[in-house]
Amino acid sequence: MAETRNLFATPFVIDQLQSATGMQILREAIEAEMARDAGGVSISNIGGWHSNTQMMEWGGEAAKALVFKAMTLADQRTLDTKSPQESRFGWIPEMWANVSSKGNANQYHTHPGSYWSAVAYIDDGYAGNDDPQLGGELQLLDPRAPLTQMAAPDLRLLDDAGKPLSPEITLRPRTGMMVLFPSWLQHAVRPFQGEGTRISIAINLTAAMKRPA
């Protein structure tokens, strides 16, 4: 019988923010920055408000604590093969906020140059409504899939149980959820149809050699 090995797994980490007070402080900082700079910037967002990437400066101590949590998660899941006991690398963070309302979305994109990316959901915007028609799911795309499916879009690879592997995975955010994934993983956000306001924070971590002590 032929042997099948599943190769090249992609790590995707799901964690939970523990401080309701910290999330409230972050919300207030984001609302203040949104009032100061109502135009924001436009990058991957389709509608909604996207802050500048200097949230480390205007987000206060709660923002720094969130970045520290992201860096801790990254450290736990990264190995320096030439110095496995103590990594020679540290992380240079970049941080911004997204505020979305009904009809807003984010198109597929990656974060070139970064090693890890994280998203923390301060408010999922669903207001406790579990209706799947509200959309707003985080979409994750297997970056290899389009290369084969362009030629044969109806074919799917099979898993060990004989079920078709999906080239796309969706995750419904929850308030307080934090996710971490490699920055090359293509991701998007489906159009959000909730009546509430989605508030999330994104973090990029770029690897950099530590300076000698």
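Would you be able to tell me the number of residues in the range 63-91 that are more than 25 Å from Gln18 (Cβ to Cβ) and either touching a residue at least 12 places away in the same chain (Cβ under 8 Å) or in contact with a Leu (Cβ under 8 Å, 6 or more places away or on another chain) (or both)? Before you say what the answer is, go through the steps one by one.
Within the range 63-91, the first condition is being more than 25 Å from Gln18 (Cβ to Cβ), and the residues that meet it are 79-89.
In the following step, the residues that additionally are either touching a residue at least 12 places away in the same chain (Cβ under 8 Å) or in contact with a Leu (Cβ under 8 Å, 6 or more places away or on another chain) (or both) were identified as 87-89.
The qualifying residues number 3.
Within the range 58-106, how many residues are in a loop (DSSP other than H, G, I, E, B) and either under 26 Å from Gly47 (Cβ atoms) or not hydroxyl-bearing (Ser, Thr, Tyr) (or both)? Explain how you work it out, then say what you get.
Residues of the range 58-106 in a loop (DSSP other than H, G, I, E, B): 59, 77-88, 101-104.
Still in the running and either under 26 Å from Gly47 (Cβ atoms) or not hydroxyl-bearing (Ser, Thr, Tyr) (or both): 59, 77, 79-80, 82, 84-86, 88, 101-104.
Going through the range 58-106 one residue at a time, the tally reaches 13.
Please go through the range 108-129 and pick out each residue that is assigned to a loop (DSSP other than H, G, I, E, B) and either among the aliphatic types (A, V, I, L, M) or in contact (Cβ under 8 Å) with a residue 12 or more places away in the chain (or both).
Start the filter on the range 108-129 by keeping residues that are assigned to a loop (DSSP other than H, G, I, E, B), which leaves 110-115, 124-129.
Matches in the range 108-129: Thr110, His111, Pro112, Gly113, Ser114, Tyr115, Asp124, Gly125, Tyr126, Ala127, Asn129.
Return yes or no: is Leu155 touching a helix residue (DSSP H, G or I) at 6+ places or on another chain (Cβ under 8 Å) and not charged (D, E, K, R)? Break it down stepwise before answering.
Numbers: touching a helix residue (DSSP H, G or I) at 6+ places or on another chain (Cβ under 8 Å): yes; not charged (D, E, K, R): yes.
So Leu155 passes the test.
Starting from the range 130-148, take each residue that is within 15 Å of Lys102 (Cβ to Cβ) and list its partners that are in a strand (DSSP E or B) and among the charged types (D, E, K, R), counting only C-beta distances under 7 angstrom and pairs at least six apart or across chains.
Pairs that qualify, where the first residue is within 15 Å of Lys102 (Cβ to Cβ) and the partner is in a strand (DSSP E or B) and among the charged types (D, E, K, R), are Gly136/Arg198.
Looking for whichever is under 22 Å from Gly39 (Cα atoms) and buried (at least 21 other Cβ atoms within 10 Å of the Cβ) here; the options are Ser117, Ser100. Which one fits?
On the way: Ser117 fails: under 22 Å from Gly39 (Cα atoms).
Testing whether each residue is under 22 Å from Gly39 (Cα atoms) and buried (at least 21 other Cβ atoms within 10 Å of the Cβ) leaves just Ser100.
Taking Leu185, is it farther than 28 Å from Met56 by Cβ and of a type in the set (A, V, I, L, M)?
On the way: farther than 28 Å from Met56 by Cβ: no; of a type in the set (A, V, I, L, M): yes.
Judged against the criteria, Leu185 is not a match.
Answer with yes or no whether Ser51 is within 18 Å of Ile203 (Cα to Cα), buried (at least 19 other Cβ atoms within 10 Å of the Cβ), within 17 Å of the chain's Cα centre (by Cα) and not acidic (Asp, Glu). First the steps, then the outcome.
Numbers: within 18 Å of Ile203 (Cα to Cα): yes; buried (at least 19 other Cβ atoms within 10 Å of the Cβ): yes; within 17 Å of the chain's Cα centre (by Cα): yes; not acidic (Asp, Glu): yes.
Taking the combined requirement at face value, the residue satisfies it.
Please go through the range 28-48 and pick out each residue that is part of a helix (DSSP H, G or I) and surrounded by 18 or more Cβ atoms within 10 Å (Cβ to Cβ). Please lay out each step first, then the result.
Going through the range 28-48, the residues part of a helix (DSSP H, G or I) turn out to be 28-36.
Result: Ala29, Ile30, Glu33.
Under 9 Å by Cβ, and 6 or more places apart or on different chains, what pairs join a residue from the range 5-27 that is touching a residue at least 12 places away in the same chain (Cβ under 8 Å) and surrounded by 10 or more Cβ atoms within 10 Å (Cβ to Cβ) with one that is part of a helix (DSSP H, G or I) and basic (Lys, Arg)?
From residues that are touching a residue at least 12 places away in the same chain (Cβ under 8 Å) and surrounded by 10 or more Cβ atoms within 10 Å (Cβ to Cβ), the pairs are Asp15/Lys69; Leu17/Lys69.
Considering each of Gly176, Gly194 in turn, give the residue that is under 22 Å from Gln24 (Cα atoms), more than 18 Å from the chain's Cα centre (by Cα) and surrounded by 16 or more Cβ atoms within 10 Å (Cβ to Cβ).
On the way: Gly176 fails: more than 18 Å from the chain's Cα centre (by Cα).
Result of the check over Gly176, Gly194: Gly194.
Coordinate-derived values only; no laboratory data. From a predicted model like this one, the values you see are computed outputs, not experimental measurements. When we count neighbours, we look across all protein chains shown, and the Cβ atoms used for this are built from the backbone with ideal geometry, even at glycine.
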